[in-house]
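Peer 1: Before I ask anything, let me first share the structure, which is written out below as structure tokens.
All of the numbers you see were taken from the coordinates with simple rules; none came from a lab. Quick caveat: nothing in here was measured; it's all calculated off a predicted structure. All Cβ positions, glycine included, derive from the backbone under ideal geometry; neighbour counts span all protein chains shown.
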């Protein structure tokens, strides 16, 4: 698949900020079903100019509105890490990433995270998720990064922060609640 550079939608933080938007190189395009299965979502995973992973929802076959804004994977990691460890992960964990945006976007992002194996459904619980195999996802992204660099060498690796929820690779059995 040929890479495509797409300008990221980012608001300037001050009046002195340049109007030039950073470019994102798309390294993966994929589709998945929405969480309720009523629509097909298209999402992109890309690299910013510092080779950091970014994510966005690109299209929705259903009627729900959403934000096409790029989100840094490190911000997704942080949102999941700050979610209460005593509660299953739900789309509300991702709402801070889209403040003032469509309320559908966090759920659509969550569906894409499930599709990538980063999150998985808690057995026997609808709309409750837990961490999946983040290490495999990051290994796949490292391979894709390497295939999108001129030298063939992977840029800096995307790493889950040590000691966070994002480092878990195996599912925990559901508790009877």
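Peer 1: Could you rank the peptides 125-132, 97-104 by their average count of other C-beta atoms within 10 Å per residue, with the highest value first?
Peer 2: Values: 125-132: 16.6, 97-104: 14.1.
Ranked from most to least packed, the peptides come out as 125-132, 97-104.
Peer 1: To continue, here is another question. Of the DSSP beta bridges with both residues in the stretch 23-157, give the percent that are antiparallel, rounding to the nearest 5.
Peer 2: Details: 21 of 21 bridges.
The answer is about 100 percent antiparallel.
Peer 1: As a footprinting exposure proxy, order 108, 66 by other Cβ within 10 Å, with the fewest listed first. Display every interim value, and only then the final one.
Peer 2: Numbers: 108 29, 66 22.
In increasing order of surrounding Cβ atoms, one gets 66, 108.
Peer 1: Taking every alpha carbon pair in the stretch 23-157, what does the distance histogram look like in 5 angstrom bins from 0, in percent?
Peer 2: Over the stretch 23-157, the share of Cα pairs per 5 Å bin runs 2, 10, 20, 23, 21, 14, 7, 3, 1, 0 percent.
Peer 1: Assuming R0 = 30 Å, can you tell me the calculated FRET efficiency for the pair residue 87 and residue 42, based on Cβ-Cβ distance, to the nearest 0.05? Could you put the intermediate results ahead of the total?
Peer 2: Details: r = 30 Å, r/R0 = 0.99.
Working from the Cβ atoms, E equals 0.50.
Peer 1: Related question: Can you give me the distance in nm between label points at residue 140 and residue 75, each placed 7 Å from the Cα along the Cα-to-Cβ direction?
Peer 2: Placing both labels 7 Å along Cα→Cβ, they lie 2.3 nm apart.
Peer 1: Using the Kirkwood formula on the Cα atoms of the stretch 28-74, what hydrodynamic radius do you get, in angstrom to one decimal? Walk me through the numbers before you get to the answer.
Peer 2: Details: mean 1/r = 0.0884 Å⁻¹.
Here the Kirkwood hydrodynamic radius works out to 11.3 Å.
Peer 1: Arrange the following residues from fewest to most other Cβ atoms within 10 Å of their Cβ: 105, 40, 25. Let's see the in-between values first.
Peer 2: On the way: 105 24, 40 13, 25 17.
Fewest-to-most ranking of 105, 40, 25: 40, 25, 105.
Peer 1: Neighbour counts of other C-beta atoms within 10 Å: give me 116, 69, 140 arranged from fewest to most. Could the numbers behind the result be given before it?
Peer 2: On the way: 116 21, 69 18, 140 15.
With the fewest neighbours first, 116, 69, 140 line up as 140, 69, 116.
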